[in-house]
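Participant: Pasting a structure here, questions to come.
The values are calculated or read from the model by the stated rules, or taken from the named source; none is laboratory data. Everything quoted here is computed from the prediction, not taken from an experiment. Here the Cβ positions follow ideal geometry from the backbone for every residue, glycine too, while neighbour counts run over all protein chains shown. Keep in mind that these areas ignore ligands, DNA and RNA; they rest on the heavy atoms of the full protein, side chains included. Shrake-Rupley method; radii C 1.70, N 1.55, O 1.52, S 1.80 Å.
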Amino acid sequence: MISRALGPEFGGSIGFLFFVANILACGLYVTGFVEAVLDSFGPKGSMISDGGAYLPLDDKEWYKYLYSSVVLFFCLAICMIGGSMFAKTLIVIFMITVVCTLSVYISIFAKSERKLIQNPRIDMLDKRNESCANHTFYTGLSGTTFKDNFYEHYGRDYITHDKMDFATVFSILFSSVTGILNGANMSGELKDPSKAIPKGTLSAVTFTFGTYFILMVLVGASCDRCLLLNDYLFLQSINLWKPFILIGIFAATLSAALGNLIGASRILQALANDELFWFVLRPATKVTRGGNPYIAVLISWFLVQIVLLVGSLNAIAPAASVFFLLSYAAVNLACLALELASAPNFRPTFNIFTWHTCVLGMIGSMVMCFLVSPMYSSIAIIAMLLLVILLHFKSVPSEWGSISQALIFHQVRKYLLMLDPRKAHIKYWRPQILLMVAHPRQACELIHFINDIKKGGLFIVGHVKIGSLDKFDYDPVQTEYPQWMSLIDKLKVKAFAELTLANTVSEGLAHLIRLSGLGGMKPNTVCLGFYDDSKPVDSLVKCMRRKRRFFSSEEINSSNDVDMMFDNLPIRSERSHKHQSPSDYVKMIYDSLKLQKNVCICRHFNQLDKSIILKSTTEYYIDVWPLNLFRPYTASIFDDTCLFMLQLACILDMVPGWKSKTYLRVMLCTNNEGVAGKNVETKLDKVLKTFRIPAKIQPISLDLGESYKDLSEDEDHQMTLYKSIPEHIVQKINTRIKECSKKTAVTFMYLPRPPQDTTGQLEYLLSLTALTNDLPPTVLVHGLNPVISTTL
């Protein structure tokens, strides 16, 4: 039940604690049964006359263990027969218990005279209680006696000699009412659990409360404190027929032991059926023809047999109570979570509860846990948390859903409504990136890189499937979407997947730019791979081998394994036809800028091996070229694109791993010499200090001949636009950049706006290709708005 509500991690861990609680409780009741037998039929027993025979108890502890084992074996025999036998036995035991309880009520009303109760075990009493030894009186119903017993006055347990307090007494009494979930434990064997469990549980709780309350009042008003303190079987001495008490104790403890033993076996079976603990619990799934989990019963019996070695009811009670209280707190938490999640399908047939009662129940259970035993409570909670972590790393597949998803949805919706894009401020700007991917298995390194530079922002992996919905009998996007999500999981990146169907890639890109994200979380930057003829390489196998998950049984040996896992995501064939022309590709850049999105064009990221950088003993650089190389005079101008490049490079340099192995370097390119060149360097240094960017300035001379100088003297001062320059100059610039990039990990360069005409677009793409040929992984950047602030 808890697994279905809170998820397998919490359900498995809390279910384990609940199983342990039932094991401890079964041992508790068996021990209580045997203690009652020995107090009655052992040496100086209340049912043994002077000189009469009694149960042997020469070696007290081992004889006690022997008797406990016999009783437990009897319980095992009943549970092995099955749930029907247990139910029939329980009805008989219940009737016997009711009769014996009524005999106590009748006896107290029937006996009204004051009487001294002799304690045959007086030599067992603690010396600190000897003042009460000869003053153990039954007074009959008396207001004075009730008044004397009304307030607390704790003594010592005459068996363990431990000082009693509220928490200890509570733990012992609480263990008498832990059968509240026995009905839920046997829900699989009930005809109509939804009706039987609430009716049966509430009836049982009401009946039990009434029984204990009446008994408490009658005993408190008829027995003095010394009698209550020094004789745990005093009811035998005041009953009309002494054996009634003994029979009642036997019936109550035996029924409770049976309930906990069969409950523990059913919980163990449920844990095994859900496969939460691998193959360890697989034997517990075996059942008889009648559905009785006999292996789970045997395992539970064996564990109870170990608990019996403790030997004392009062020693077992605190541990059992703590584990039960934690289980009850979890049940309250499950109900609270379902109530807060407001799931439409949460329509319980029993709905007389509110979140207030859930909170009170949960807090009350947790408080009492630590009052009963801080040590046991701490151990149980630590064990639960370790199991939660273990099951989380195991990645338990759940088909029944998890309340965490409902709660997350509820909270995310709430905070998304509060995230107002109109209140966005440059101080808190962060990149929110839409990365367009055609063939994800060839772009793993790029996906990881974008994950590094998102700085806690939104990261969407977008894909456009070419086609028209009219040509399909189904939605082809929905069939591929699960594999895209699985791919993101395998790559361990914090990203969303967004897919769309369109007639062209540029049309699909417009869909994704407008519709991806939600509310204030929408992409502000579009990232594209480069349009070239590079050889397709499947990088997914390498990434998955390098990032195998802890506790994962998954083994990736070849690309064939990946093909089977991602059959809808094949790699691109070298002979395959591209879905877009060069002009269409450039138009995607133009449209993205037109839709007011920053643009990043990424090339050569199939060469990026982050593991080599992280393991290297030499330093690498993150290079920033803050000028439009097609307009060389712009070296002294720092527009929004330059600052956007610096921001992205600075973010990358802040990422763990990159931060320790790379250094940020700003390349200052100018043909100016002397004072003018120094002024540009001073200006750039001031910009870096103003924005607190820890970068080294590297002056670079681009002495590329007179024709490049002529470009520097161009009067067209539109820095963001592309300007055609001769191919040989572009090649020289490329060569100069390569000379400066021998230890460069990533290069950020200025991306000019593309031209609108088709002829100019083709030339634009060819120029970008020539400019970035054979460079390290390169990001061509164009920014539209300010992204850096000095106020933080």
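Participant: Go through the residues of segment 720-728 one by one and say whether even a single one is closer than 24 Å to Ile453 by Cβ, touching a helix residue (DSSP H, G or I) at 6+ places or on another chain (Cβ under 7 Å), at pLDDT 90 or above and not in a helix (DSSP H, G or I).
Facilitator: The answer is no; no qualifying residue exists.
Participant: Another question, if that's okay. Give the number of residues within segment 448-459 that are within 18 Å of Gln483 (Cα to Cα) and crowded, with 22+ Cβ neighbours inside 10 Å.
Facilitator: Qualifying residue count, segment 448-459: 1.
Participant: Sticking with this one: Out of the helices (runs of 4 or more DSSP H) lying entirely within segment 203-295, which hold 1 or more residues that are within 25 Å of Ala21 (Cα to Cα) and open to solvent by 10 Å² or more (accessible area, probe 1.4 Å)?
Facilitator: Passing ranges, in order: 243-273.
Participant: For segment 588-664, give me every one of the helices (runs of 4 or more DSSP H) that falls completely inside it and has 1 or more residues that are open to solvent by less than 50 Å² (accessible area, probe 1.4 Å) and out of contact with any helix residue (DSSP H, G or I) (no Cβ under 6 Å at 6 or more places or on another chain).
Facilitator: Counting at least 1 such residues, we get 610-615, 640-654.
Residues are listed down the side, and each one gets a yes or a no for (1) at pLDDT below 90; (2) more than 30 Å from Phe472 (Cα to Cα):
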site: Val493; (1), (2): no, yes
site: Ser506; (1), (2): no, no
site: Gly529; (1), (2): no, no
site: Leu540; (1), (2): yes, no
site: Val562; (1), (2): yes, no
site: Phe566; (1), (2): yes, no
site: Ser573; (1), (2): yes, no
site: Lys578; (1), (2): yes, no
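Participant: Also: Could you go through segment 86-109 and let me know if any residue there is over 26 Å from Phe234 (Cα atoms), open to solvent by less than 90 Å² (accessible area, probe 1.4 Å) and among the small types (Gly, Ala, Ser).
Facilitator: So far as segment 86-109 goes, yes, one or more of its residues are over 26 Å from Phe234 (Cα atoms), open to solvent by less than 90 Å² (accessible area, probe 1.4 Å) and among the small types (Gly, Ala, Ser).
Participant: Of the conditions (1) within 27 Å of Cys650 (Cα to Cα); (2) open to solvent by 20 Å² or more (accessible area, probe 1.4 Å), Ile466 fails just one. Which one is it?
Facilitator: With respect to (1) within 27 Å of Cys650 (Cα to Cα); (2) open to solvent by 20 Å² or more (accessible area, probe 1.4 Å), Ile466 is out only on (1).
Participant: Within the set of pairs 6 or more residues apart or between chains, which connect a residue that is touching a residue at least 24 places away in the same chain (Cβ under 8 Å) inside segment 210-228 to a residue that is exposed (fewer than 14 other Cβ atoms within 10 Å of the Cβ) with Cβ atoms less than 6 Å apart?
Facilitator: Pairs that qualify, where the first residue is touching a residue at least 24 places away in the same chain (Cβ under 8 Å) and the partner is exposed (fewer than 14 other Cβ atoms within 10 Å of the Cβ), are Cys226/His135.
Participant: Right, next: When the residues of segment 67-85 are filtered to those that are open to solvent by less than 10 Å² (accessible area, probe 1.4 Å) and farther than 11 Å from Ile262 by Cβ, which remaining residue is modelled with the lowest pLDDT?
Facilitator: Among those residues, the one meeting the criterion is Ser68.
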